[in-house]
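The values are calculated or read from the model by the stated rules, or taken from the named source; none is laboratory data. All of these numbers come straight from a predicted model, not from anything done at the bench. FYI the Cβ positions are ideal-geometry reconstructions off the backbone, even for glycines, and counts take in every protein chain you see. To get the accessible areas, we keep the full protein, side chains included, count just its heavy atoms, and leave off ligands, DNA and RNA. Shrake-Rupley method; radii C 1.70, N 1.55, O 1.52, S 1.80 Å.
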Amino acid sequence: MKTHHQTPIITIDGPSGAGKGTLAFRLAKQYGFELLDSGALYRIVGLMAHQAGLLDKPDEDKLAELTSTLNLSFRINNNSQSVDIYIDEQPLLADIRNETVGGYASVVATFAKVRTALLQLQRNIAINKTGLVADGRDMGTVVFANAAAKIYLTADSQARAKRRYEQLINAGKPADYQAILADIIARDDRDENRAIAPSRPADDALVIDSSSLTADEVFHQAWQFCQQQGIV
Ligand code: DC
């Protein structure tokens, strides 16, 4: 059987709001590769843990058990140009993309046993694929440490808060810039300073700071790098 080592993998790590999802989608389209949005996994575990009342006084073993019994699958949705998530073969309808669920995700992500429970699931996604673009915090450092091309996409916290604010306003949703900025700073702190698999660039990653770059400029830098790394 083909292992993930033979599947060409591009990893994109970095803080939330730096544009990882947009870059991942464009690279996947460019190469005809599949996508793994690992943040979605942590968001689902975070939401389910919250619903089960496990986040008030988090217990690592209970969280790990919940994680390892999750029956998740992913299907490409060509209409929305994204990947739909299924739990127990039922489409996930809950909104997992908001700041509240991001906070739950960031909390469950600090537990080693939760991360271990998700590790094999993530690696299995790479098996028998033409190629994979995986985005998250530890894709290049832990999950796919042998990836062909590793990118760390970052941006200063104000630039990320401004983008998130504008996204919400454009979607007709209420938004408070200062609250968004405070959430981003708190989440960065938790993700970058946790003991296990902290968010950091792999030694062999290309670091791109998108604070003053357009999505096109980010894509071109990343694409050029992937070509240099032998992904053609
Ligand atoms: O990328 P995101 O904002 O959807 O991720 C949500 C949270 O999940 C993030 O704050 C930290 C955690 N996470 C992680 O620890 N490791 C990953 N590979 C992806 C996400």
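Before moving on, here are some points about what is shown:
- Whole-percent carbon and sulfur share, accessible surface of the chain, 1.4 Å: 50 percent
- Amide proton proximity set for residue 208, modelled H, under 5 Å, gap of 5+: 152, 153, 154
- Long-range lysine pairs (8 or more apart or interchain), the chain, Cα under 26 Å: 16
- Protein-only accessible surface order, largest first, of 169, 231, 125 at 1.4 Å: 169, 125, 231
- For the chain, the solvent-accessible area of protein heavy atoms averages 50 Å² per residue (probe radius 1.4 Å; ligands and nucleic acids excluded).
- Farthest towards the positive end of the charge dipole of the stretch 67-189, among the residues 185, 126, 116, is the Cα of 126, using unit charges on the Cβ of Lys, Arg, Asp and Glu.
- Accessible area per residue was computed with a 1.4 Å probe on protein heavy atoms; residue 22 scores about 80 Å².
- In the chain, the DSSP-assigned H stretches of four residues or longer account for a calculated mean residue ellipticity at 222 nm of -14000 deg cm²/dmol, using -39500 (n - 2.57) per stretch and the full residue count as denominator.
- Here the stretch 61-184 is treated as an ellipsoid with the same Cα gyration tensor; its semi-axes, largest first and in whole Å, are 26, 19, 18.
- In Å², nearest 10: area of residue 54 left accessible to a 1.4 Å probe: 30 Å²
- FRET efficiency, 1/(1 + (r/R0)^6) with R0 25 Å, evaluated for residue 22 and residue 86 via beta carbons: 0.60
- Quarter of Cα convex hull surface for the chain, i.e. mean projection, nm²: 12.7 nm²
- Residue list for the stretch 124-156, given a label point 7 angstrom along the Cα-to-Cβ vector of residue 207 and an amide N cut-off under 18 Å: 136-142, 150-156
- In this structure, residue 29 and residue 173 have a Cβ-Cβ separation that, at R0 = 25 Å, corresponds to a calculated FRET efficiency of about 0.40.
- Under 12 Å, Cβ to Cβ, from residue 207 - net charge with Lys/Arg +1 and Asp/Glu -1: -2
- Each Cα pair under 8 Å and six or more residues apart adds its separation to the average, and for the stretch 111-183 the resulting relative contact order is 19 percent.
- Inter-part distance where the stretch 168-207 and the stretch 93-154 are each reduced to a Cα centre, Å: 15 Å
- Radius 13 Å from Cβ of residue 32, net charge of other residues (Lys, Arg +1; Asp, Glu -1): +2
- A Stokes-Einstein calculation at 20 °C with viscosity 1.002 mPa s, built on the Kirkwood radius of the stretch 54-134 over Cα pairs, returns a diffusion coefficient of 148 µm²/s.
- Sites listed here are GluC sites (Glu not before Pro) in the stretch 45-119 whose DSSP assignment is loop and whose Cβ has at most 14 other Cβ atoms within 10 Å: 89.
- The stretch 56-186 - charge dipole about Cα centre, Lys and Arg +1 at Cβ, Asp and Glu -1, debye rounded to 20: 480 debye
- Stretchable slack from residue 97 to residue 216, in nm (0.36 nm times residue separation minus alpha-carbon distance): 40.5 nm
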